[in-house]
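Colleague: The structure under discussion is supplied below as structure tokens; questions concerning it will follow.
The values are calculated or read from the model by the stated rules, or taken from the named source; none is laboratory data. Owing to the predicted nature of the structure, the values given are computational and were not obtained by experimental measurement. A quick note on method: Cβ atoms are made from the backbone with ideal geometry, for glycine too, and the neighbour counts reach across all protein chains shown. Please note that ligands, DNA and RNA were not included when accessible areas were found on the heavy atoms of the full protein model with its side chains. Shrake-Rupley method; radii C 1.70, N 1.55, O 1.52, S 1.80 Å.
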Amino acid sequence: MSIRIVRLGTPRLPDEGTRIGTVRRPPRGVRKERYAADDWFDVWFPDLSPSTELMAKGQAAETDRAWSGFTRAFRAVMAQPAPRRALDLLSALSHGSRLSVGCYCAEEARCHRSVLRALLTERGASIA
């Protein structure tokens with residue numbers, strides 16, 4: 001049992017489990033009833049995504065310094081009570097359930113899901 005960190009919209013892996021979309025907005029042009037069928041997500045959970053403004057800062061980060069600034073800001077948001085509790089819950093569930101958490105970005109290294117991976121690891125989550 002574990003959490004996988006995935007790119008939404010890519011084919012599901014065999015034991016991926018429930019796919020959670022940690023994105024601010026659902027995919028454009030996709031009907032709600034197609035989200036799971038088309039490998040986007042089973043559950044939309046924007047509570048673990050950056051704000052629109054912060055997401056723009058992350059997407060514009062072309063240097064390591066700019067990316068570090070985004071990471072610090074996003075970690076500060078995730079330290080607030082509601083996101084912190086959600087991360088704790090996912091971490092606990094990872095030991096008895098198969099889950100995946102994802103975003104649309106092509107490169108995980110410059111995506112908020114890399115920060116989510118680190119935060120979940122710090123909480124003792126079982127990461128695939």
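Colleague: When you check residue 71 against the structure, is it open to solvent by 60 Å² or more (accessible area, probe 1.4 Å), among the polar types (S, T, N, Q), at pLDDT 95 or above and in a helix (DSSP H, G or I), yes or no?
Modeller: Answer is no for this residue.
Colleague: Another one. Counting only residues that are open to solvent by less than 30 Å² (accessible area, probe 1.4 Å) and under 17 Å from residue 124 (Cβ atoms), how many does the stretch 96-110 have?
Modeller: Qualifying residue count, the stretch 96-110: 2.
Colleague: Residue 9: part of a loop (DSSP other than H, G, I, E, B), of a type in the set (Gly, Ala, Ser) and under 26 Å from residue 128 (Cβ atoms), yes or no?
Modeller: Against the criterion (part of a loop (DSSP other than H, G, I, E, B), of a type in the set (Gly, Ala, Ser) and under 26 Å from residue 128 (Cβ atoms)), residue 9 qualifies.
Yes/no per residue for (1) under 15 Å from residue 123 (Cα atoms); (2) surrounded by 19 or more Cβ atoms within 10 Å (Cβ to Cβ); (3) touching a Leu at 6+ places or on another chain (Cβ under 9 Å):
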residue	(1), (2), (3)
1	no, no, yes
7	no, no, no
32	no, no, no
55	no, yes, no
60	no, no, no
63	no, no, no
89	yes, no, no
94	yes, yes, yes
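Colleague: Where residues in the stretch 34-53 are of a type in the set (Phe, Trp, Tyr) and under 14 Å from the mean Cα position of the chain (by Cα), which of them is surrounded by the most Cβ atoms within 10 Å (Cβ to Cβ)?
Modeller: 41
Colleague: Also, I was wondering about something else. So the check is Cβ under 8 Å with 6+ separation or different chains; which pairs have a first residue in the stretch 15-39 that's closer than 25 Å to residue 59 by Cα and aromatic (Phe, Trp, Tyr) and a second one that's open to solvent by 60 Å² or more (accessible area, probe 1.4 Å) and part of a strand (DSSP E or B)?
Modeller: 35/44
Colleague: Only one of 52, 63 is without any contact (Cβ under 8 Å) to a residue 24 or more places away in the chain, out of contact with any strand residue (DSSP E or B) (no Cβ under 8 Å at 6 or more places or on another chain) and not acidic (Asp, Glu). Can you tell me which?
Modeller: 63
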